[in-house]
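Report on the structure given below.
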Amino acid sequence: MHPAPSVIIFTTLSGLGFGLLTFLGLGKPEVTGWVAFVFYAIAFGFAVGGLLASTFHLGRPERAWRAFSQWKTSWLSREGICAVAALVVMGLFAFGAVFLDTHWWALGWIGAALSLATVFTTSMIYTQLKTIPRWNMSLTPVMFLSFSLAGGSLLAGAEALAPWLLAIAGAVQLAYWAKGDQAFATSGTDMGTATGLGDRGTVRAFEPPHTGSNYLLREFVHVVGRKHAQKLRVIAFALGFALPLICLILPVEGLMLKHLLAGIAVLLHIAGVATSRWLFFAQAEHVVGLYYGKR
Amino acid sequence: MTELPNSTDRKMGLVIDLDTCVGCHACVISCKGWNTENYGAPLSDQNAYGADPSGTFLNRVHSYEVQPPEGHAQLVHFPKSCLHCEDAPCVTVCPTGASYKRVEDGIVLVNESNCIGCGLCAWSCPYGARELDLAEGVMKKCTLCVDRIYNENLPEVDRVPSCVRTCPAGARHFGDLGDPDSDVSKLVAERGGMDLMPEMGTKPVNKYLPPRPKDQIDDQIDILAPLLAPVAEEPKGFLGWLDKALDKLPGHSEGGSN
Ligand code: SF4
Ligand code: SF4
Ligand code: SF4
C-alpha cells in the first residue's frame, strides 16, 4: 500500500491523542485548572490534528460530513461517529476540570470508553480488508490499542503503568511482524486463484494492460522502500518501545532529570510509532498486485 | 444505503470468454469513450501526451502466460472490469452511502455527488475494479453501461454494454446470470464458467469461461499421415539406388539427398 503521509500522521497522532484522553477520563492524572488545560490541549491537539490530517487524502474533503451516515455497515463511518462523540464528551469533562475544578466522573468514564472505541474502529478499517492479508488479522486491533495505551500512558506521565504498557506494545509489535510476514502466503490467494488459471499450470504476467502506471499500481503496489524494511523495523522497535522503556526505568535522582527523560521518551516513542506505521502501510501487500504479477 | 440487498431481482452481468478473447483492447477503448461522454464524471487522463501518461479506465485487458507442467505455454488475454459481486465489500465499507447495489438488477454503482473520494472501496475490491479519478476526486467504476442497457433512444441492438457491442471476437456476453434459463447462464453451465478469487467470498456475478485445451500438434500429424508423411522420408528401393547413383556422378547437384 502507498504509505501516504496523511494516514501515517493521522493514525500516529490520533492514536496518541485518544490514548491520553482515555487516561485523563479515568483520572490518571487527576488534574484541574492550568495543568489540566495543558494536558487537554495536548490530547485534543493530537486527536483533532490527526483527524484533520486524515481528510487530506480525500478526493472531496468538503463532503466529509457525509461520512457519518453509514454506521450500520461501515467501520470508517463508525470511526467518525466515535471520534466526534469522544471529543464532545471529553470536551465537557475537560471543561469541568479546567474551569470549574470539578470532575464529572460519569462523563470521564464514558469519554475514556469512547476514546478507546475510536482507536478500535480506526483499526477495524484496516482489519476488515480481506484484500490485504497482512492487515486482516486479529492482531491488528490489538496493535493499535496497545500502541495507543502505551503512548497515552507515556503522555499522561503514568509512571507505574507506562513501562508495562510499553513492554506489552513492544511484544505485540514483534508478534504482528512475525505473523504478518506469513499472512499473504497463508491467505491462499495467488496468481492462480486471481486468474482462475492456476490449475492449468504456472501463471505468469505476460503483458500489463497499459505501458504506463495507473491508480491501482500507485495506491496498492508500493514496492519501493520495502528493501529497507528490516532496518526500519529495528529502528521502529528501538525508538518506539525499547529506548523509551529504558528512559523510564533508569534509576535517576531529581525531578528535573526525570521529567527530561520522560519528555525524551515521548519524542522517541512518537518517532518509533510513526516509523512502525510507515511500515504498516508500505509492507502491506494488496491482492490486486497479483494481476500485475507483483506483490 | 450501503447495506447490501438480501437478494436482487435479476443479476445482470458479463460472461467473458478467455478462449475467444484476442486481446485487441477494443473493449477498453469503447468503454473509455462511452463512459467519458455519458453517465457521470468523465474518465480523465493525466499527462496524456507526456512522458508518463496515465488515466482512469473501467476495463483493462491483461495478458498472462500459462505454462503447464508439460507441453506448450498458452497465452491468455484477460479483460477485467467490475464483477458486480453479490457480496460486494466495496459497498459495505463506504462511509457515505455513495456506493450501492441495485435491488432491481444487482448493478453496483457510485453516486458521484455523495462520494468523498476516500478510496476505501477501492482498497476493499480484490479485483482492482475501482479507480479514483484524479481530476474529479470521485470513485469511478463499471456501471454495466446502465445508461445504454435500458436506453430506449438507442436501437435495440445497442442496448448492451459498450464493451459487449464492440468486441470483434464475440468474447463478451451480457445477460441475467440469476436466471438459469438465460443464454449467459447456459453458456456458463456448458463451459464451466468460473469465479475469480472465490476465496475472497465476494460471490462475483460476472463469470469467466476458461480457455479450451490446446490441440496437440503431434496427434494432428497422425490424422494426415497417409498424405503427408512420405515427403520427409529417405527414398528406398529403386529410387534410393537412383538417388545415390546420381549423387556419385560428377558435377554440381542442388539441395540435399532427395
Ligand atoms: S468487482 Fe470490486 S468493485 Fe465490483 S462489486 Fe466486486 S468488489 Fe465491488
Ligand atoms: S471513495 Fe466514494 S464510493 Fe468509495 S468508499 Fe469512499 S465515499 Fe464511498
Ligand atoms: S474487445 Fe473482445 S477480443 Fe478485444 S480485448 Fe476486449 S474482450 Fe478481448
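The values are calculated or read from the model by the stated rules, or taken from the named source; none is laboratory data. Note that the structure is predicted; figures quoted are calculated from it, not measured. All Cβ positions, glycine included, derive from the backbone under ideal geometry; neighbour counts span all protein chains shown. What goes into the accessible areas is simple: the full protein's heavy atoms, side chains included, and nothing from ligands, DNA or RNA. Shrake-Rupley method; radii C 1.70, N 1.55, O 1.52, S 1.80 Å.
Some points to look at:
- With respect to (1) open to solvent by 10 Å² or more (accessible area, probe 1.4 Å); (2) touching a residue at least 40 places away in the same chain (Cβ under 8 Å); (3) within 20 Å of A:Phe147 (Cα to Cα), the lone exception for A:Val31 is condition (3).
- Qualifying strands (runs of 3 or more DSSP E) (wholly inside segment B:24-134; at least 2 residues being more than 7 Å from every other protein chain (Cβ to nearest Cβ)): B:74-80, B:99-101, B:108-110
- Residue in segment A:73-87 that is within 14 Å of chain B (Cβ to nearest Cβ), among the basic types (Lys, Arg) and not in a helix (DSSP H, G or I) present: no
- Enumeration of residues in segment A:57-68 that are open to solvent by 60 Å² or more (accessible area, probe 1.4 Å), outside any loop (DSSP other than H, G, I, E, B) and at the interface with another protein chain (Cβ under 8 Å from one of its Cβ atoms): A:Pro61, A:Arg66, A:Phe68
- Verdict on A:Ser54 being assigned to a helix (DSSP H, G or I), among the hydroxyl-bearing types (Ser, Thr, Tyr) and either in contact (Cβ under 8 Å) with a residue 12 or more places away in the chain or more than 14 Å from chain B (Cβ to nearest Cβ) (or both): yes
The rows are residues; the columns are (1) free of Cβ contacts under 8 Å to residues at least 12 places away in the same chain; (2) closer than 30 Å to A:Ser74 by Cα; (3) crowded, with 19+ Cβ neighbours inside 10 Å.
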{"residue": "B:Glu3", "(1), (2), (3)": "no, yes, no"}
{"residue": "B:Ser7", "(1), (2), (3)": "yes, yes, no"}
{"residue": "B:Arg10", "(1), (2), (3)": "no, yes, no"}
{"residue": "B:Val15", "(1), (2), (3)": "no, no, yes"}
{"residue": "B:Thr20", "(1), (2), (3)": "no, no, no"}
{"residue": "B:Cys24", "(1), (2), (3)": "no, no, no"}
{"residue": "B:Gly33", "(1), (2), (3)": "no, no, no"}
{"residue": "B:Tyr39", "(1), (2), (3)": "no, yes, no"}
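- Verdict on B:Cys24 being of a type in the set (A, V, I, L, M, F, W, C) and out of contact with any helix residue (DSSP H, G or I) (no Cβ under 8 Å at 6 or more places or on another chain): yes
- B:Thr56 within 16 Å of ligand 2 (Cβ to nearest atom) and of a type outside the set (Lys, Arg): yes
- Pair list, Cβ < 9 Å and 6+ apart or interchain, from segment B:64-83 residues that are within 16 Å of ligand 3 (Cβ to nearest atom) to residues that are modelled with pLDDT under 90 and open to solvent by 10 Å² or more (accessible area, probe 1.4 Å): B:Gln74/B:Pro213; B:Gln74/B:Lys214
- Residue check: A:Trp75 meets all listed conditions (1) within 16 Å of ligand 2 (Cβ to nearest atom); (2) open to solvent by 30 Å² or more (accessible area, probe 1.4 Å); (3) under 15 Å from the mean Cα position of the chain (by Cα); (4) farther than 15 Å from B:Cys94 by Cα but one, namely (4).
- Residue in segment B:162-191 that is least open to solvent (accessible area, probe 1.4 Å), counting only those that are among the small types (Gly, Ala, Ser) and more than 22 Å from B:Asn38 (Cβ to Cβ): B:Ala171
- Some residue of segment B:128-151 being open to solvent by 20 Å² or more (accessible area, probe 1.4 Å), within 16 Å of ligand 3 (Cβ to nearest atom) and at positive phi: no
- Selection from segment B:176-198 of residues that are without any contact (Cβ under 8 Å) to a residue 24 or more places away in the chain, small (Gly, Ala, Ser) and outside any helix (DSSP H, G or I): B:Ser182, B:Gly192
- Filtering segment A:191-212 to residues that are over 34 Å from the mean Cα position of the chain (by Cα), in contact (Cβ under 8 Å) with a residue 12 or more places away in the chain and more than 7 Å from every other protein chain (Cβ to nearest Cβ) leaves nothing.
- Single condition A:Ala183 does not satisfy, out of (1) touching an Asp or Glu at 6+ places or on another chain (Cβ under 9 Å); (2) touching a residue at least 40 places away in the same chain (Cβ under 8 Å); (3) of a type in the set (A, V, I, L, M); (4) more than 18 Å from A:Ser138 (Cα to Cα): (4)
- Number of the condition not met by A:Val252 [criteria: (1) hydrophobic (A, V, I, L, M, F, W, C); (2) within 29 Å of A:Asn136 (Cα to Cα); (3) free of Cβ contacts under 8 Å to residues at least 60 places away in the same chain]: (2)
- Of the helices (runs of 4 or more DSSP H) lying entirely inside segment A:215-266, the ones with 3 or more residues being open to solvent by 80 Å² or more (accessible area, probe 1.4 Å) are found at A:229-237.
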